[in-house]
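Participant: A single structure is presented below for examination.
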Amino acid sequence: MTQDLIVAPSILAADFSKIGDEVKAVDVAGADWIHLDVMDGHFVPNLTFGPPLIRALRPHSKKVFDTHLMVSNPDALLDDYASAGSDIITVHFEACPHLDRTLSHIRELGCKAGVSLNPHTPIDGLQHVLDRLDLILVMTVNPGFGGQSFIYKMLEKITEVRSMIGNRPIVIEVDGGVTADNAGKIVASGANALVAGSSIFKGPSYADNISAIRAATA
Ligand code: DX5
Ligand code: ZN
């Protein structure tokens, strides 16, 4: 599941009053994936949306739906997130006491399986599930809100993850505070998928914003 740089706009920063049009707009603007931030008001303080919205958005884009579950009990609704149209389902390491089982379940549902690490979470816990993983999401802000500043210390963690995965075809995705100003450093550290919300859903041209991120990594 590796390829050239993947840019995944997070619809958290979109205008929710016209969310279907916003998804179409970033699709046409050159998004590779559509990043869907699910928040439960428990694992993180904020609340967003669940499977019904993902299902409603599915006809608006053929791009990969990259579902990021910031929820305390992801196992309860994995089937629903898959049947709603998710292509990738990423759970949080901190929320999964039976991570091996959770990842296997995601793959059994026909989705790619991802694990996300909060900024303070060490990468060591992933060592024994690498063969069950398609994606590792390194959080570069504390999850829950868009528009926060990138935590530069996380560049070291990205490099550690790159070294840990060796030749495995695992995507290294980075989420939080990504802009055209830091995208070059992030990719140089070893990431190959960038989530960006507020730096893409702004101004007159989403296409220019996506291109600026790509250009910064070229
Ligand atoms: C944060 C979310 C991110 C967020 C990124 O909890 O997981 O995907 O939307 O937003 P920006 O790019 O504005 O930091
Ligand atoms: Zn996210």
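The values are calculated or read from the model by the stated rules, or taken from the named source; none is laboratory data. The structure displayed is predicted, hence computed values, not measured ones. Counting neighbours? That spans all protein chains shown, and the Cβs are built from the backbone with ideal geometry, glycine included.
Participant: Only residues that are within 16 Å of ligand 1 (Cβ to nearest atom) and outside any loop (DSSP other than H, G, I, E, B): list them for the range 123-141, please.
Facilitator: The initial filter retains those residues of the range 123-141 that are within 16 Å of ligand 1 (Cβ to nearest atom), namely 135-141.
LEU135, ILE136, LEU137, VAL138, MET139, listed by residue number.
Participant: State all residues of the range 125-143 that are under 15 Å from ALA191 (Cα atoms) and among the aliphatic types (A, V, I, L, M); if no residue qualifies, say none.
Facilitator: Within the range 125-143, LEU135, ILE136, LEU137, VAL138, MET139 meet the criteria.
Participant: Scan the range 142-156 for residues that are away from ligand 2 (no atom under 16 Å from the Cβ) and either surrounded by 15 or more Cβ atoms within 10 Å (Cβ to Cβ) or part of a loop (DSSP other than H, G, I, E, B) (or both) and jot them down. Full working, then the answer.
Facilitator: Here is the first cut: in the range 142-156, the residues away from ligand 2 (no atom under 16 Å from the Cβ) are 152-153, 155-156.
Residues satisfying the conditions are TYR152, LYS153, LEU155.
Participant: When residues of the range 168-181 are filtered for being of a type outside the set (D, E, K, R), surrounded by fewer than 21 Cβ atoms within 10 Å (Cβ to Cβ) and out of contact with any Ser or Thr (no Cβ under 6 Å at 6 or more places or on another chain), how many remain?
Facilitator: Here the count works out to 1.
Participant: Mind checking whether some residue in the range 211-218 is free of Cβ contacts under 8 Å to residues at least 12 places away in the same chain and not in a strand (DSSP E or B)?
Facilitator: Yes, the conditions are met somewhere in the range 211-218.
Participant: Among the candidates LEU194, LEU133, which residue alone is closer than 21 Å to ALA13 by Cβ and either crowded, with 18+ Cβ neighbours inside 10 Å or within 14 Å of ligand 2 (Cβ to nearest atom) (or both)?
Facilitator: Values: LEU133 fails: closer than 21 Å to ALA13 by Cβ.
One residue alone meets the criteria, LEU194.
Participant: Follow-up question, since we're still on this one. Of the conditions (1) among the β-branched types (Val, Ile, Thr); (2) modelled with pLDDT of 95 or more; (3) under 22 Å from MET139 (Cβ atoms), VAL28 satisfies every one except a single condition; which number is it?
Facilitator: Failing condition for VAL28: (3).
Participant: Please work out if LEU78 is aliphatic (A, V, I, L, M), more than 15 Å from ligand 2 (Cβ to nearest atom) and at pLDDT 95 or above.
Facilitator: For LEU78, the condition - aliphatic (A, V, I, L, M), more than 15 Å from ligand 2 (Cβ to nearest atom) and at pLDDT 95 or above - is met.
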